Amino acid sequence: MARNDALRAARLRRGWRSIEAAADALTRHGQHLLGERHFTVSARTWRRWEGERPGWPAEETAVVLHDALGHWPEDLGFTTPQGWIRPDHHEEEQVSRRAFTSITAAALGTGPFASQYVDPALVDYFQQQLEGHYRADMFLGPHDLIGTVSAQYQLIDKLVRSAKGETRRALLRAGAAYAALVGWLYQDAGDMDGAAFWRGVTQEIAVRSRDPHLIGYSLVNQAQVRTDLGDGHAVVELCEAVLEDADQLVPKVRIMAMQQLAHGASLTGDRRVVDRLLDRADRFLPAVDDDLPWGNACRRTPGYLEIQRATCYGRLGLGAEAGSLWTQVLAVVPETARRDRGVYMARQATAAATARKPDEAVEIARNVATIAVETRSARMRRELTELERAMRPWHDAPVGRDLAAILAPVTERN
């Protein structure tokens, strides 16, 4: 029988185990929120909401649902009526404009700026700082770094306008690397608008630098965004554009393009191509010996290519094979890399659920939930949403209720 799984999942995440408990809790919540003692939601009404035809709640009930569950009715499986405008619509528009201005400000400095002497030694300074930012990202997560790295990009942009000759070109290369990191931080924070904007900035600066390696790197960055958007064909097109001039590129850019192309193949359902690309990329790993300060995940991250393979296998629904690979990967990823471990463990839990091992999935999720609350990583929350989907067959079982309770603190912090 068809049912409204979105509302049901939200109810369970809130800890309301039965329809009767949910109706009672929402009634009390609404009476307190609205200051209206006559506000009520019956169990019969909630049962209809979770059924095949949930209809649409009254406007004041929609407000109470949003306040209690953190989502408006259109996101909870209700049938949206024509002309419905959320009460916070205009406020959200203003917030969105402010957020967009905040995201773009560091990249859109308006000149003219006063001319100044730019010492070539500043290039080394920014390169050394960049490595420190990469390390900090492993431990802190995106929210604590976005402001710092954006401010440094803003300074580089200002210096570029006065620099000359090789110093200018070197600062452009540094600027592209900083913009790429800002884009990644926004992507990790779940802000795809910010990520796409800064990936575009990366590509612009890379082209201005005339550095073919950076241009290839910038296109792989764009492909990462398209991967998170589930656009496999765009990922393939971007990465194939990079590999058209593969002989001109340093090995690590070729590796990045091939592994991202494998992600594109997994999104289009081609396991054979995934394996072929990752096997090819593996042959290039020993040749990575450049001193470029950006794009070094392939040599900094233990089990780099097996992480990509496990992720692709999970996307392809190969639960048992993905789970086996995640066990190998997690054996070599250091405990200090908590955010990365959390993401990988969430994927491992989803692989276990796909392999029809729900108890194992829930045990893994216990540790992930703690890390997700600590790091506030949107990537981890997104992976936990995938886990919830994979666990739907056990929604009504005790193990499904356990998962809902485990993930409740993560949901409440969103």
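The values are calculated or read from the model by the stated rules, or taken from the named source; none is laboratory data. Just so it is clear, the model here is predicted, and its values are computed rather than measured. Neighbour counts run over all protein chains shown; Cβ positions are idealised from the backbone, glycine included.
Out of all the residues in the range 185-232, which are among the basic types (Lys, Arg) and either without any contact (Cβ under 8 Å) to a residue 40 or more places away in the chain or part of a helix (DSSP H, G or I) (or both)? Once the filter is applied, which keeps residues that are among the basic types (Lys, Arg) and either without any contact (Cβ under 8 Å) to a residue 40 or more places away in the chain or part of a helix (DSSP H, G or I) (or both), the range 185-232 yields Arg199, Arg208, Arg226. Got a sec? Which helices (runs of 4 or more DSSP H) wholly within the range 9-77 have at least 2 residues that are closer than 24 Å to Glu386 by Cα? By residue number, 59-69. Any residue at all in the range 349-356 that is under 18 Å from the mean Cα position of the chain (by Cα) and at pLDDT 95 or above? Looking through the range 349-356, at least one residue is under 18 Å from the mean Cα position of the chain (by Cα) and at pLDDT 95 or above. Annotation for the range 250-267: at least one member residue is surrounded by 15 or more Cβ atoms within 10 Å (Cβ to Cβ) and over 26 Å from the mean Cα position of the chain (by Cα). Considering Val235, Val160, Val242, the condition of being more than 22 Å from the chain's Cα centre (by Cα), surrounded by 24 or more Cβ atoms within 10 Å (Cβ to Cβ) and free of Cβ contacts under 8 Å to residues at least 60 places away in the same chain is satisfied by Val242 alone.
Taking the options Trp46, Trp16, name whichever one is surrounded by 16 or more Cβ atoms within 10 Å (Cβ to Cβ), under 31 Å from the mean Cα position of the chain (by Cα) and either at pLDDT 90 or above or among the aromatic types (Phe, Trp, Tyr) (or both).
Working: Trp46 fails: under 31 Å from the mean Cα position of the chain (by Cα).
Answer to the selection: Trp16.
Scanning the range 163-182 for residues that are free of Cβ contacts under 8 Å to residues at least 40 places away in the same chain and under 19 Å from Asp137 (Cβ atoms) yields one hit, Gly175. Taken over the range 294-325, the residue count meeting the criterion of being over 19 Å from Arg276 (Cα atoms) and within 19 Å of the chain's Cα centre (by Cα) is 3.
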